[in-house]
Amino acid sequence: MRWINWIGALLFVAASVAGAGEVRVERFAVPAGAHPHDIAPASEPGGPVWYTAQRQGALGVLDPATGKTRHIPLGRGSAPHGVIVGPDGAPWITDSGLNAIVRVDPRSFEVTRYPLPEGGYANLNTAAFDGRGILWFTGQSGIYGRLDTRTGAVQVFDAPRGRGPYGITATPGGEIYYASLAGSHIARIDTQTGKAEVIEPPTPNQGARRVWSDSKGWIWVSEWNSGQLSRFDPKTREWRAWRVPGDGPKPYAVYVDARDHVWVSDFGANAMHRFDPASERFETFPSPDSNAAIRQILGRRGEVWAPESGTDHLTVYRTD
């Protein structure tokens, strides 16, 4: 399959938060109709950027140096949702259409599928690797599970409160937490036993959608219903929350960069926000097109990447 050159416009924005430094924003167009849902840059600077082309049943890869893209078909019926880069350097995909975890070789583009055990549609969402190299994943139908990538064994668990498991993250210590959108809570998974412990945020019906850990192991949560960014300290069990700017915020995804700045995608403001926990101030980067619908955020040193599923673009916020 040929690479396609879809170079997008460049947009430069100066940061307004004191001490945060300048942020340069660059956008790349991807093939029309790709509907990029989640994104995962390779760890090496300048390396490929992977994204799920959800409506085309493919994994996309962008070369940020040239703007060229390539789509790797994942199989008939595919509807990929999440993608992360594993310890092996390969993209790992939660494919709700295939009801399977999918690995794509980063060099040969060979596709390997790990189907879930029989038992119904999981509505797979996102994944994270724990400290032992086990892949954990969520399914909104009311499950979470794990894949031993060495043996290929897949195990599925019923979520303690049924429907809702959505975002998932690993702490620096290798612990796993997920967010339940329908259940309005987060949960910590015991990676030895597989049991999930429900942790209640103080705001009822807040719609915890995605989670991310900072360098201290604190868990940051984007609250879709309440319009808040919240934080849970596992050591003290204390919560804090901040209202996202704007009249009707709808925080979708959250990501913490190497400087412990917290990035939040906001459907309500059609923007990306950066939050500095030290100053407790937000900085907003509006999307140049309407209905950008940024669904996931991931990054690497000096770069924060986001897919605009509503405009068929990928955006990078350069912070170095």
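Numbers below:
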{"read-out": "Whole-Å distance, taken between Cα centres, linking segment 106-125 and segment 30-52", "value": "19"}
{"read-out": "Pairwise centroid distance, computed over Cα atoms, of segment 298-317 with segment 138-156, Å", "value": "27"}
{"read-out": "Rg/Rg_ref, segment 249-320, where Rg_ref = 2.2 N^0.38 Å and atoms are Cα", "value": "1.01"}
{"read-out": "Share of pairwise Cα separations in segment 111-227, more than 19 Å, in percent", "value": "41"}
{"read-out": "Largest to smallest principal axis extent of the C-alpha atoms in the chain, angstrom", "value": "51, 50, 30"}
{"read-out": "Qualifying lysines (Cα of each under 29 Å from Cα of LYS235; at least 8 residues distant if same chain)", "value": "LYS195, LYS216, LYS250"}
{"read-out": "Loop-located trypsin sites (Lys or Arg not before Pro) in segment 18-91, at most 16 other Cβ atoms within 10 Å (DSSP)", "value": "ARG76"}
{"read-out": "Computed E for THR284/GLU197 - FRET, C-beta separation, R0 35 angstrom, nearest 0.05", "value": "0.50"}
{"read-out": "For segment 205-316, with +1 on Lys and Arg beta carbons and -1 on Asp and Glu, the positive-most of VAL244, ILE297, ASN205 along the dipole", "value": "ASN205"}
{"read-out": "Total charge dipole magnitude, segment 174-320, about the Cα centre, Cβ charges on Lys, Arg, Asp, Glu only, Debye to nearest 20", "value": "240"}
{"read-out": "Surface accessible to a 1.4 Å probe, per residue, for the residues of the chain, Å²", "value": "41"}
{"read-out": "Cα gyration tensor of segment 32-189 - equivalent ellipsoid semi-axes, whole Å, descending", "value": "25, 17, 15"}
{"read-out": "Scattering curve values for segment 174-320, log₁₀ I(q)/I(0), Debye with Cα scatterers, q = 0.12, 0.13, 0.15, 0.18 Å⁻¹", "value": "-0.46, -0.54, -0.72, -1.03"}
{"read-out": "Segments 148-159, 271-282, 171-182 sorted - mean Cβ within 10 Å per residue, highest first", "value": "171-182, 271-282, 148-159"}
{"read-out": "Of all accessible heavy-atom area on segment 88-237, the percent that carbon and sulfur account for (1.4 Å)", "value": "45"}
{"read-out": "Average projected area [Cα convex hull, segment 174-245], square nanometres", "value": "4.8"}
{"read-out": "Computed magnitude of the charge dipole of segment 117-231 (debye, nearest 20; Cβ of K, R +1, Cβ of D, E -1)", "value": "120"}
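The values are calculated or read from the model by the stated rules, or taken from the named source; none is laboratory data. For clarity, every value in this text was computed on a predicted model and none was experimentally measured. Glycine also receives a Cβ, built like all others from the backbone with ideal geometry; neighbour counts cover every protein chain displayed. For accessibility, only protein heavy atoms count, side chains too; no ligands or nucleic acids. Shrake-Rupley method; radii C 1.70, N 1.55, O 1.52, S 1.80 Å.
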